[in-house]
Amino acid sequence: MKSHWRESAKNPVEAVALAPDRPSCLSLRGVKDRAESTYAAELDGVVKRYGSNTALDGVHLGIEAAKVTALLGANGAGKTTAVSVLLGLTAPDAGRVELLGDVPQRLAARRRIGVMLQSAALPDTLRVRELIELTSSYYPRSLRLAEVAHLAGIGDLLGRRYGRLSGGQQRRVQFALAICGRPELLFLDEPTTGLDVEAREAVWAVIRALVDEGCAVLLTTHYLEEAEALAHRVAVLVRGRIVAEGTVDEIRAQGVSRRIRCVTQMTVEQVRAWPEVGSATRQDGRLEIETTVAEPIVRRLLDADPRLAELEVRRAGLAEAFVQMTRESA
Ligand code: ATP
């Protein structure tokens with residue numbers, strides 16, 4: 001995801017802090033309505049066009065408190081634009097945007113959020129301690145330095161210059177900056193890209209702990225295993241439209257949810273004709289069947305071929321459902 005921060009800002013957090021505190025002419029709902037929203041942040045029928053290119057095409061997206069919402073989408077699907085609109089950095093052409101019960105441009109709302117993007121243009125010469133202290137100063141009730149360092153696993157990096165850190169270490173510092181303000185709403189873009197397995201598990205643990213305390217998280221990612229591990233809800237964006245929304249299990253169920261493999265003398269053509277068979281192919285000498293319901297097909301296979309062997313039934317993952325939805329909706 002690309003960065004769309006204001007040029008005068010040195011980093012994403014500062015961009016949020018520096019953005020003018022102006023009400024959006026597109027936020028039409030009154031104070032009473034706003035108070036009734038159950039979401040920490042919301043896009044409601046949001047449209048954003050860049051010339052003839054429609055980046056967001058009537059997007060509805062609610063980010064609930066104390067939950068991780070994953071926004072999934074291929075390159076160019078509109079994820080950055082959606083986040084940018086939620087942060088009040090890009091004005092939508094139509095629709096309503098709400099951030100912590102207010103318009104996103106308000107400083108008060110922005111001081112309750114944390115942001116971690118993929119490309120954070122942080123000053124190379126500042127030491128990690130200075131970066132955290134500077135960022136913490138934007139927030140009214142930030143965490144203590146030692147606490148941030150402990151949570152992000154960067155206690156040994158505080159005296160180092162940011163520009164001299166490895167990619168994975170810089171990523172951990174960016175995570176520290178996103179959480180140092182004790183956010184009620186956290187925007188995380190591919191937060192664990194470049195992290196080793198241990199660091200990734202540690203970041204996931206902190207995200208879960210923040211969520212347990214009520215923090216709402218919007219996770220934008222290509223890394224579906226991360227969404228599977230963390231997300232309570234998933235929204236799939238294809239060419240600016242949400243094509244599926246639900247829990248990870250619900251999204252999985254919308255795709256081909258079972259894969260059956262076996263060694264059999266049955267031909268692909270015979271099996272393809274059966275009801276409920278999505279597709280049948282032969283790979284590495286095995287018959288492979290995609291379906292939404294495995295049991296009737298397994299029974300039929302066993303009846304039809306007494307010599308059938310090496311039977312496997314596997315639940316398809318989020319990745320397979322995502323690929324299928326992206327392909328079908330494109
Ligand atoms: P990626 O995963 O590659 O970062 P994304 O899902 O974040 O992609 P966006 O960056 O939101 O996608 O882009 C959505 C569409 O809007 C793309 O077609 C992109 O080319 C276009 N777009 C985004 N920003 C601009 C801009 N400032 N000017 C013109 N077109 C833009």
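So here's what we get for this one:
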quantity: From 157, 145, 122, residue being farther than 22 Å from residue 55 by Cβ, at pLDDT 95 or above and in contact with a Leu (Cβ under 7 Å, 6 or more places away or on another chain); calculated: 157
quantity: Residue 90 being assigned by TED's automatic domain parsing to the domain that holds residue 41, farther than 30 Å from residue 157 by Cα and part of a loop (DSSP other than H, G, I, E, B); calculated: yes
quantity: Count of segment 72-86 residues which are under 11 Å from residue 238 (Cβ atoms), of a type outside the set (A, V, I, L, M, F, W, C) and more than 7 Å from the ligand (Cβ to nearest atom); calculated: 0
quantity: Any chance residue 231 is buried (at least 17 other Cβ atoms within 10 Å of the Cβ), small (Gly, Ala, Ser) and under 27 Å from residue 321 (Cβ atoms); calculated: yes
quantity: The listed residue being away from the ligand (no atom under 16 Å from the Cβ) and surrounded by 19 or more Cβ atoms within 10 Å (Cβ to Cβ), out of 108, 146, 120, 176; calculated: 176
quantity: Answer from 38, 54, 80, 69 - the residue that is in the same structural domain as residue 223 (by TED's automatic domain parsing), at pLDDT 95 or above, within 24 Å of residue 215 (Cβ to Cβ) and not basic (Lys, Arg); calculated: 69
quantity: Positions within segment 176-232 being in contact with a strand residue (DSSP E or B) (Cβ under 8 Å, 6 or more places away or on another chain) and assigned to a loop (DSSP other than H, G, I, E, B), in sequence order; calculated: 180, 181, 183, 184, 190, 191, 215, 222, 231, 232
quantity: Filter result for residue 146 (free of Cβ contacts under 8 Å to residues at least 12 places away in the same chain, assigned by TED's automatic domain parsing to the domain that holds residue 235, more than 30 Å from residue 196 (Cα to Cα) and outside any loop (DSSP other than H, G, I, E, B)); calculated: no
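Conditions tested, residue by residue: (1) aliphatic (A, V, I, L, M); (2) under 17 Å from residue 40 (Cα atoms); (3) outside the structural domain of residue 46 (by TED's automatic domain parsing).
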residue	(1), (2), (3)
183	no, yes, no
190	no, no, no
196	no, no, no
214	no, yes, no
217	yes, yes, no
239	no, no, no
243	yes, no, no
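The values are calculated or read from the model by the stated rules, or taken from the named source; none is laboratory data. Nothing here was measured: the structure is a model prediction, and the numbers come from that model. A quick note on method: Cβ atoms are made from the backbone with ideal geometry, for glycine too, and the neighbour counts reach across all protein chains shown.
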